[in-house]
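The structure appears below as structure tokens.
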Amino acid sequence: MNTLWTKDFKIITIGSIISMLGNSVAGFAIGLLVLDYTESTLLFSLFMVVYNLPKIIAPLFAGPYLDRFSRKKVIYTLDFFSSGIFFIMFLLLQANWFHYPVFLGIVLLVGTIDGIYAVAYESFYPNLVTKGNFSKAYSISSMIYPLASFMVPVASFIYISTGSAAPLFAFNAITFFLAAVFETRIGFKENHMKKAEETKKEFSMISYKADFKEGLDYMRKERGLLVITVYFMITMFAGGGIHVLHLPFFKNNPELFAHIPINVVTLYTIISSFGVLGRLIGGLIHYKYKYPVPKKFLIAISVYTSIAFLETFQLYFPVVLMALSFFLIGIMGVTSFNIRISATQSYVPDEKRGRFNGTFQMMVSAGNIIGQLAAGVFGELYHERHVIMGFMAINLLAIYFIMYRKRHHVKKIYNRRV
């Protein structure tokens, strides 16, 4: 059997860990910073919406470009650029300067970078995985974020202790720079560019439009991919909405946790860390154990349903059961991620992967951003628990009417040996 741990796979894994360390810290810090300055759930959710807004457009337009040019160069160039942006944010906060519209503009730029980066990374990563190791590789990928997220409690402590997010953004700038340096050392020769050159078409607006249309036509013909994409757009709508409400729920309802002698923000980070631990353990399970190929779809839809029910009621639970719920959702979330991404990325041809990933990222980002905005609006009017129940009801309807009723299309993709 081919070994997974080639030189290039080690480099991309190390680079991903380093950049994710900084990203998880800064993502938490900037969210808490905005919430503290504005004291508004709506403005907090608007900030998240602006960050995710370019992820709707950028991936769709980046896809055709990334099917013709070097994805590796795009990845490390964007990481160098991100390092510079976070260094500027460090300087602004170090000077104790915060201006909401200016920071909105900065995160708009960061969101654009992240939107393009996600397509480039997801299209390039499968090429560094040896045959027969897709599930194992994505189990490693799924563990990177949980490992990095263990830095969030540390970030919370630093932020509360110093009252400033500046040191966190300095750390972020350093990590992105180091990640970019590692990524320049990847030796894989990209073949998709040669296939694009064989078409004898120079890259122009005409060829770009043709590639763009070809990518959409491919999605329409591949019904299984279309069903998966539409379902994940809806589940991201629901998930994006409820996750925006978690931190405001803890900050807006301190009386529910008055019996616990811990700051509510710290309590939230501790409870959410159980979700991170669940994702880490879920990744280890996938690394060691392969699910039966004929049962993958059944496992996936069972996981989707179980997560929806737990997320509907978890904020009603006592703290201990709430932490357990986050933990179980973390394990099942990795299962959902691994089955979906290992199946789709091994199924889509390399020369079309950029366009598929661009379309997929656009649709799920659109669902996510609409869910976040809707959650911000309804969170100002209704209790967070009630809003979450509404979002999860939509998610459950999507599981039945989209994934289950169209299961014969999805099984052709999920129930494969990868």
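In percent, rounded to a whole number, the relative contact order of the chain is 32, using alpha-carbon pairs under 8 Å and six or more apart. Residue order for Thr266, Thr312, Thr3, fewest other beta carbons within 10 angstrom first, comes to Thr3, Thr266, Thr312.
Taking 0.36 nm per residue of sequence separation and subtracting the Cα-Cα distance, how much length would be gained by fully extending the chain between Phe87 and Ser161, in nm to one decimal?
Working: separation 74, 0.36 × 74 = 26.64 nm, distance 2.13 nm.
Length gained, Phe87 through Ser161: 24.5 nm.
Checking the cross-link pairs Lys55/Lys189; Lys209/Lys352; Lys296/Lys406 against a 20 Å limit on the alpha carbon distance flags Lys55/Lys189 as lying beyond it. Using the Cα coordinates of segment 19-73, the gyration tensor eigenvalues translate into equivalent-ellipsoid semi-axes of 30, 16, 5 Å, sorted from longest to shortest. Simple point charges give the picture: +1 on the Cβ of Lys and Arg, -1 on the Cβ of Asp and Glu, and for the chain a dipole about the Cα centre of about 2060 debye. Considering only Glu384, Glu311, Glu214, the mean-square fluctuation computed in a Gaussian network model of the chain, springs between alpha carbons under 10 angstrom, is largest for Glu214. Between 0 and 90 degrees, the angle of helix 134-149 with respect to the longest Cα principal axis of the chain falls at about 30 degrees. Shape class for segment 271-313: oblate, because the ratio a/c of the largest to smallest gyration tensor axis (alpha-carbon atoms, square roots of eigenvalues) is 1.5 or more and b/c is at least a/b.
Using a/c under 1.5 as the rounded threshold, could you call segment 42-117 rounded, prolate or oblate? The axes a ≥ b ≥ c are square roots of the C-alpha gyration tensor eigenvalues, and prolate needs a/b larger than b/c, oblate otherwise. In terms of gyration-tensor shape, oblate. To the nearest ten degrees, helix 223-252 and the longest principal axis of the Cα atoms of the chain are 20 degrees apart.
Cα centroids of segment 246-264 and segment 1-66: how far apart, whole angstrom? So the two Cα centres are separated by 27 Å. Taking the 0 to 90 degree range and rounding to the nearest ten, how far is the long axis of helix 296-313 tilted relative to the main principal axis of the chain, both from C-alpha atoms? Roughly 20 degrees between the two axes. Taking only alpha carbon atoms, segment 131-174 gives an Rg to Rh ratio of 1.24, where Rh is the Kirkwood radius. Full extension of the segment from Asp217 to Phe309, taken as 0.36 nm per residue of separation minus the current Cα-Cα distance, would add 29.6 nm.
FYI, it's all coordinate maths here, none of it is from the lab. Source: prediction; values computed, not measured. Cβ atoms come from the backbone with ideal geometry, glycine included; neighbour counts cover every protein chain shown.
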